[in-house]
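Comments concern the structure below.
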Amino acid sequence: MKLSQIKELVLSEYPNSIVGEDENASPAALLVKPQFIFQICELLQSNEKTYFDQLSCLSGLDNGEEAGTMEVIYNLYCIPYDLHLMLKVELDRKHPSIDSVMDIWKTADWHEREAYDLFGIHFNKHKDLRRILLPNDWEGFPLRKDYVEQERYHDVKVKY
Amino acid sequence: MNETEASEIGGLKTGEGGIIVSKLDDLLNWARLSSMWPLGFGLACCAIEFFSTASSAYDLDRFGIIPRNSPRQADVLLVSGTVTFKMADRVKRLYEQMAEPKYVISMGSCANCGGPYWEHGYHVLKGVDRVIPVDVYVPGCPPRPEALIGGFLKLHEKIKSESVLRPVALEKLMEKENEA
């Protein structure tokens, strides 16, 4: 199934849910409106023509203060048809939040926690959204472009 | 007493090897340095080097060094690898759980000073000596088994120079008095 066919399938179900596409991305990507992400993922996972049964990766991305956006990138894979697909979502950098896809793929649980831990992206309806790598009392989100590490952690100087 | 009589009561007593005269400090130090049991826990790639040092090729056992799995039974805390801030609390706790006398070997650049993470590693403690006192630093990234053995031998030297009976606290106090 080609990207255009997948796009058509999604648009037939949810019109105006796709902002654009990127053929050069590897795998080819669909740029999706954030409010549709859960429905689109559910459709792609359950439709027998696409059947994306695996979430290979979920990453966060910070485009910096100038662009004012953050992104969440979903890498999907369909085992029976050997299909790859990337979904990209752009979020407001000041209040980055999006629906969790944890109920569709269990894998998303820890991936979303990681994106929350390092970028501060909030995943609505996630059942266990807390830091996964850093300690619970860590301040700030380290992979944000404007991150400045805290002066001290538990009374120990952080800088060299 | 002839030989037949002697064999009846268990052999002739020659006195050889019965008594060794030594200083108490030397005896204690010898006992300590001959059985330095490190806590067997690894933090990063340095731990792999620690394992291979313990393997038959390098044979740490010949120095009486046997990794223990409980801090209560360990004499040496071998900090083998990158200490993150999250881990630093745990390392400190393990150190506190060890019984005296205890020693710390900081193995590799990460544990010494933060290593490759010194500038941009927001999550890495820049030297384990910011949390616990270190006796021997072993440089390297990671140090070869020979270097680690060298570190243990350095610790041998340090233990050899210790004294239980020397009134160290009193000496320090006298020094302070003299300065004032």
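The values are calculated or read from the model by the stated rules, or taken from the named source; none is laboratory data. Not measured: the values here are computed from a predicted model. Here the Cβ positions follow ideal geometry from the backbone for every residue, glycine too, while neighbour counts run over all protein chains shown. When the accessible area is computed, the model is the full protein with side chains, heavy atoms only, and any ligands, DNA or RNA have been set aside. Shrake-Rupley method; radii C 1.70, N 1.55, O 1.52, S 1.80 Å.
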- Task: Could you please let me know if A:Arg144 is among the basic types (Lys, Arg) and touching a strand residue (DSSP E or B) at 6+ places or on another chain (Cβ under 6 Å)?
- Result: yes
- Quick one: is A:Lys106 away from chain B (no Cβ under 14 Å), over 22 Å from A:Leu31 (Cα atoms) and either open to solvent by 20 Å² or more (accessible area, probe 1.4 Å) or not small (Gly, Ala, Ser) (or both)? yes
- For B:Thr82, indicate whether it is closer than 19 Å to B:Val134 by Cα and either within 14 Å of chain A (Cβ to nearest Cβ) or part of a helix (DSSP H, G or I) (or both). yes
- Task: Would you list the strands (runs of 3 or more DSSP E) that sit entirely within the stretch A:69-160 and hold 1 or more residues that are over 30 Å from A:Ser4 (Cα atoms)?
- Result: A:122-124
- Would you tally the residues in the stretch A:71-91 being open to solvent by 50 Å² or more (accessible area, probe 1.4 Å) and of a type in the set (A, V, I, L, M, F, W, C)? 1
- Hey, among B:Thr84, B:Thr53, which residue is in contact (Cβ under 8 Å) with a residue 40 or more places away in the chain, surrounded by 18 or more Cβ atoms within 10 Å (Cβ to Cβ), touching a helix residue (DSSP H, G or I) at 6+ places or on another chain (Cβ under 6 Å) and not charged (D, E, K, R)? B:Thr53
- Query: Looking only at residues in the stretch B:105-140 that are more than 12 Å from chain A (Cβ to nearest Cβ), farther than 17 Å from B:Gly42 by Cβ and touching a Phe, Trp or Tyr at 6+ places or on another chain (Cβ under 8 Å), which one is most open to solvent (accessible area, probe 1.4 Å)?
  - Reply: B:Asp135
- Query: For the stretch B:67-125, how many residues meet the condition of being touching an Asp or Glu at 6+ places or on another chain (Cβ under 7 Å) and among the β-branched types (Val, Ile, Thr)?
  - Reply: 2
- Criterion: more than 18 Å from A:Leu83 (Cβ to Cβ) and out of contact with any Pro (no Cβ under 9 Å at 6 or more places or on another chain) - qualifying residue of A:Lys33, A:Lys2, A:Lys7, A:Lys49: A:Lys33
- Within the stretch B:27-50, restricting attention to residues that are open to solvent by 20 Å² or more (accessible area, probe 1.4 Å) and not in a helix (DSSP H, G or I), which residue is farthest from B:Glu100 (Cα to Cα)? B:Ala44
- Message: Quick check on the stretch A:122-141: of everything there that is closer than 27 Å to A:Asn63 by Cβ and open to solvent by 60 Å² or more (accessible area, probe 1.4 Å), which residue is nearest to the other protein chains (Cβ to nearest Cβ)?
- Response: A:Leu133
- Tell me which of these B:Lys102 doesn't satisfy, since it passes every other one: (1) open to solvent by less than 40 Å² (accessible area, probe 1.4 Å); (2) touching a helix residue (DSSP H, G or I) at 6+ places or on another chain (Cβ under 9 Å); (3) within 14 Å of another protein chain (Cβ to nearest Cβ). (3)
- Within the stretch A:37-61, which residues are open to solvent by less than 10 Å² (accessible area, probe 1.4 Å) and not hydroxyl-bearing (Ser, Thr, Tyr)? A:Ile37, A:Ile40, A:Cys41, A:Leu44, A:Phe52, A:Leu55, A:Leu58
- Query: Could we say that B:Gly10 is among the small types (Gly, Ala, Ser), at pLDDT below 95 and open to solvent by less than 40 Å² (accessible area, probe 1.4 Å) here?
  - Reply: no
- Under 6 Å by Cβ, and 6 or more places apart or on different chains, what pairs join a residue from the stretch B:118-132 that is aromatic (Phe, Trp, Tyr) with one that is open to solvent by 30 Å² or more (accessible area, probe 1.4 Å)? B:Trp118/A:Tyr160; B:Tyr122/A:Glu149
- Is it fair to say B:Glu157 is within 14 Å of another protein chain (Cβ to nearest Cβ), surrounded by fewer than 19 Cβ atoms within 10 Å (Cβ to Cβ) and among the acidic types (Asp, Glu)? no
- Item | Filter result for the condition that a residue is away from chain B (no Cβ under 14 Å) and of a type outside the set (A, V, I, L, M), over A:Arg144, A:Arg113, A:Arg152 | A:Arg113
